[in-house]
Amino acid sequence: MTPLHGHTGPVAVHAGPGLAEQLTAAAAVLATVAYLWAAARLRRRGDAWPRARDAWFACGGAALAWAAVGGLPGGPFTAHMTQHLVVGMAAPLLFVLARPFTLALRVLPPGPARRRLLALLHSGPAGLLLLPPATALLDVGGLWVLYRTDLFATTQRETLPHVLVHVHVLAAGMLFTLAVCRLEPVRRPWGLALRGGTLLAAGGAHAVLAKSLYAAPPPGTAYALADLRTGAQLMYYGGDLVEVALAVTLAVQWYTATGRARARALRRERSARIRAVA
C-alpha cells in the first residue's frame with residue numbers, strides 16, 4: 001500500500017501488503033487452480049471446454065493477485081488507480097469471460113449442490129441484483145461516493161474501511177460485468193438495448209469522475225499534481241479500454257443472435273417452399 005499525504009500532514013498507512021492483501025492474492029491463486037482443475041476434469045470425461053476460457057480466468061487471477069501484493073508503478077495515486085482498474089474492471093471482465101458458473105454447472109454431478117447453484121442463478125433476487133442499471137449504480141455510484149467524499153481519505157487511515165471498500169469494488173465490478181455481458185445462465189436475461197444503454201451511461205459517469213479527479217484530488221487528501229493527473233488519465237483511458245472490450249462482447253452477442261435468427265428464418269422459408277412443391 002502506498003503512502004498518502006493529507007492536507008493536515010502525512011496519513012499513516014501500511015508500507016507493504018497487509019494480511020487482507022495477502023489473503024486476496026491467495027484466494028485468487030486458489031480460485032484459478034480450482035477453475036483449471038474443473039476444466040481439465042471436464043475435458044477428461046470427453047466434454048468440450050474452450051481453452052481460451054482457461055486463459056481468461058488465469059489472467060484474471062494473476063492480475064488480481066498482482067494488484068493485491070505486487071509492486072504497482074507510479075506515484076501513490078497512480079498506483080492506487082492501477083489497482084482500481086485491475087480489481088474493479090479488468091479482473092471482473094476476465095473472470096466473466098471465463099464463465100465460471102457455467103463450468104461449475106457442467107462439472108457438478110446431478111445432486112443437491114448442482115440444484116442449489118441452479119436455483120440461486122434462477123432466483124428472483126439474483127435477477128434483480130443483476131438488473132443492469134442497479135449494478136451500474138452500485139459500481140460507478142460507489143466510486144463517486146469513494147472519491148468525492150472523505151471516504152477515500154478514511155480508507156487510507158483505517159484498515160477495516162480499506163478492506164471493505166476493496167471488497168465492494170471487486171463485487172460491484174463483478175456484478176456489473178455479469179449484468180452487461182449476460183454470459184451466464186441467470187433467471188432473466190435483460191435485453192441488449194438495456195445492457196448497451198447502461199454500459200454507455202456508466203462509461204460516461206466514469207469518465208466524468210476521472211476528469212473531476214484530474215482537476216481536484218479526493219477530499220481530505222493532497223497529491224503531487226503530476227501524480228494526481230497521471231492517475232486520473234489512467235482512470236479515464238484505462239476505463240475506456242475495458243468499456244470498449246465490454247462493447248465488443250455485446251456486439252458479438254448481437255451478431256451471433258442476428259445470425260441465428262436469420263438462419264431460423266431461412267430454414268422456415270425453405271421448409272415452406274418444400275411443402276408448397278409437395
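Quick notes
- All positions within the range 77-124 that are part of a loop (DSSP other than H, G, I, E, B) and not basic (Lys, Arg): ALA98, LEU108, PRO109, PRO110, GLY111, HIS122, SER123
- Against the criterion of being of a type outside the set (S, T, N, Q), modelled with pLDDT of 95 or more, open to solvent by less than 30 Å² (accessible area, probe 1.4 Å) and under 22 Å from the mean Cα position of the chain (by Cα), VAL29 does not qualify.
- Filter result (in contact (Cβ under 8 Å) with a residue 12 or more places away in the chain, open to solvent by 40 Å² or more (accessible area, probe 1.4 Å) and over 19 Å from the mean Cα position of the chain (by Cα)) within the range 146-167: ARG148, THR149, ASP150, LEU151, ARG157, THR159
Each row is one residue, and each column tells you yes or no for (1) open to solvent by less than 40 Å² (accessible area, probe 1.4 Å); (2) of a type in the set (Val, Ile, Thr).
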site: GLU184; (1), (2): yes, no
site: ARG188; (1), (2): no, no
site: LEU209; (1), (2): yes, no
site: PRO218; (1), (2): yes, no
site: THR221; (1), (2): yes, yes
site: LEU234; (1), (2): no, no
site: ALA247; (1), (2): no, no
site: TYR255; (1), (2): no, no
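- One residue from LEU192, LEU170, LEU138 being open to solvent by 40 Å² or more (accessible area, probe 1.4 Å) and free of Cβ contacts under 8 Å to residues at least 40 places away in the same chain: LEU138
- Residues of the range 103-127 classified as under 23 Å from the mean Cα position of the chain (by Cα), more than 19 Å from LEU42 (Cβ to Cβ) and open to solvent by 80 Å² or more (accessible area, probe 1.4 Å), total: 3
- Residue, most open to solvent (accessible area, probe 1.4 Å), within the range 39-62, restricted to residues that are touching a residue at least 24 places away in the same chain (Cβ under 8 Å) and over 23 Å from ALA90 (Cα atoms): ARG41
The values are calculated or read from the model by the stated rules, or taken from the named source; none is laboratory data. Keep in mind the model is a prediction, meaning the values are calculated, not measured. Quick reminder, even Gly has a Cβ in these numbers, built from the backbone with ideal geometry, and neighbours come from all protein chains shown. The area values use the complete protein model at the heavy-atom level, side chains included, leaving out ligands, DNA and RNA. Shrake-Rupley method; radii C 1.70, N 1.55, O 1.52, S 1.80 Å.
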